[in-house]
Amino acid sequence: MSDTERYAPALEVRDLTRAFGVRKALDGVTIDLPERAFLSIFGPNGAGKTTLVKVLTSLLNPTSGTAKVLGLDVVNDAVEMRQRIGLISHNPLLYPDLTAEENLLFFAEMYGIEKPHVRVAELLEAVELDHRKLDLARTFSRGMLQRLSIARALLHEPEVIFLDEPYSGLDPHAMDILDGLIAQIRARHTFVMISHDLDKGLELCTHALILAKGRVVLFEPREALDVARFRETYRATVGMGVA
């Protein structure tokens, strides 16, 4: 038994479906992921990857089936669940006319963080933006906004961290910063990451998932994965994408 399998489930997904009109973006997805695992989700465009993360973070309701995060139903327990998760996505979810520091202090207050100025200063230093803390977010580059978004998502030390292509828009130095942050905290947290980078995704993961047309093509723990077969399976799904 692996270390991750000794923990309680972080994700419990059962026959999950999400439809947009007649099209099923998710079609009967069933997975279990233990706490403190790192799940990398792969698949072609239109596979349902982002839709799955949106459902698991309660940004979308499922059409049918169930999903629980940390034992909390994503529909019925959404308010409580949101206090225990973090999300890094293509949208930085920041206020452009607030400074970096003001953005983080706003979210720190929302989460009821004790000693918010201390926590904000700590994270600004971690993402190497402390020298820009008084600058408006709208003056930041895409990579800097992504780094500030990473700090926002980690403010309340969420138990489950969802990452939708987190390396997108980052320069090599910023990628190193994110790698370092993940390395520092991964033993205490569960990660769910969407990635188009097979090498990076497989390097980080304890579990790997391939979606295509909203369905699970492959879901295995990393230790049981035949990497050559995995790559071949992934390549076979690319032609199944939706533009």
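The values are calculated or read from the model by the stated rules, or taken from the named source; none is laboratory data. Quick caveat: nothing in here was measured; it's all calculated off a predicted structure. Reconstructed Cβ throughout: ideal geometry from the backbone, glycine too, with neighbour counts over all protein chains shown.
Yes/no matrix, rows are residues, columns are (1) within 19 Å of LEU52 (Cβ to Cβ); (2) among the basic types (Lys, Arg); (3) buried (at least 19 other Cβ atoms within 10 Å of the Cβ):
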site: SER141; (1), (2), (3): no, no, no
site: ILE150; (1), (2), (3): no, no, yes
site: SER168; (1), (2), (3): yes, no, no
site: MET175; (1), (2), (3): no, no, no
site: ALA187; (1), (2), (3): no, no, no
site: ALA212; (1), (2), (3): yes, no, yes
site: ALA224; (1), (2), (3): no, no, no
site: ALA236; (1), (2), (3): no, no, no
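Restricting segment 128-170 to residues that are among the β-branched types (Val, Ile, Thr) and at pLDDT 95 or above leaves a set whose member that is farthest from the chain's Cα centre (by Cα) is THR139.
Just one residue in the set LEU134, LEU105 is surrounded by 15 or more Cβ atoms within 10 Å (Cβ to Cβ) and either aliphatic (A, V, I, L, M) or closer than 18 Å to PHE191 by Cα (or both); that residue is LEU105. Of the helices (runs of 4 or more DSSP H) contained entirely in segment 134-243, those carrying at least 3 residues that are within 21 Å of ILE88 (Cβ to Cβ) fall at 142-154, 172-185, 198-204. Cβ-Cβ distances below 7 Å connect the following pairs, each with a first residue in segment 155-176 that is more than 24 Å from LEU56 (Cα to Cα), a second residue that is surrounded by 18 or more Cβ atoms within 10 Å (Cβ to Cβ) and aliphatic (A, V, I, L, M), and a separation of six or more residues or different chains: LEU170/LEU178. Taking each residue of segment 221-241 that is closer than 16 Å to HIS207 by Cβ and looking for partners that are modelled with pLDDT under 90 with beta-carbon atoms closer than 7 Å, six or more apart or interchain, yields PRO221/SER2; GLU223/SER2. Within segment 94-130, the set of residues being part of a helix (DSSP H, G or I) and among the acidic types (Asp, Glu) comprises GLU101, GLU102, GLU109, GLU122, GLU125, ASP130.
Applying a threshold of 7 Å to beta carbon distances and a minimum spacing of six or more residues, or different chains, the list of pairs starting in segment 95-113 at a residue that is without any contact (Cβ under 8 Å) to a residue 60 or more places away in the chain and more than 22 Å from ARG142 (Cα to Cα) and ending at one that is among the aliphatic types (A, V, I, L, M) and not in a helix (DSSP H, G or I) reads ALA108/LEU155; TYR111/LEU155; ILE113/LEU155. Annotation note: of ARG138, ARG147, ARG142, the sole residue that is basic (Lys, Arg) and in contact with a Leu (Cβ under 8 Å, 6 or more places away or on another chain) is ARG147.
Could you list all residues from segment 45-93 that are surrounded by fewer than 18 Cβ atoms within 10 Å (Cβ to Cβ), at pLDDT 95 or above, touching an Asp or Glu at 6+ places or on another chain (Cβ under 7 Å) and part of a loop (DSSP other than H, G, I, E, B)? Once the filter is applied, which keeps residues that are surrounded by fewer than 18 Cβ atoms within 10 Å (Cβ to Cβ), at pLDDT 95 or above, touching an Asp or Glu at 6+ places or on another chain (Cβ under 7 Å) and part of a loop (DSSP other than H, G, I, E, B), segment 45-93 yields only ARG84. Given (1) buried (at least 17 other Cβ atoms within 10 Å of the Cβ); (2) over 20 Å from LEU11 (Cα atoms), identify the lone condition not met by THR206. It fails just one condition, (2).
SER40 - would you say it is under 18 Å from ALA153 (Cβ atoms) and hydroxyl-bearing (Ser, Thr, Tyr)? Considered against the rule, which asks whether it is under 18 Å from ALA153 (Cβ atoms) and hydroxyl-bearing (Ser, Thr, Tyr), SER40 comes out as yes.
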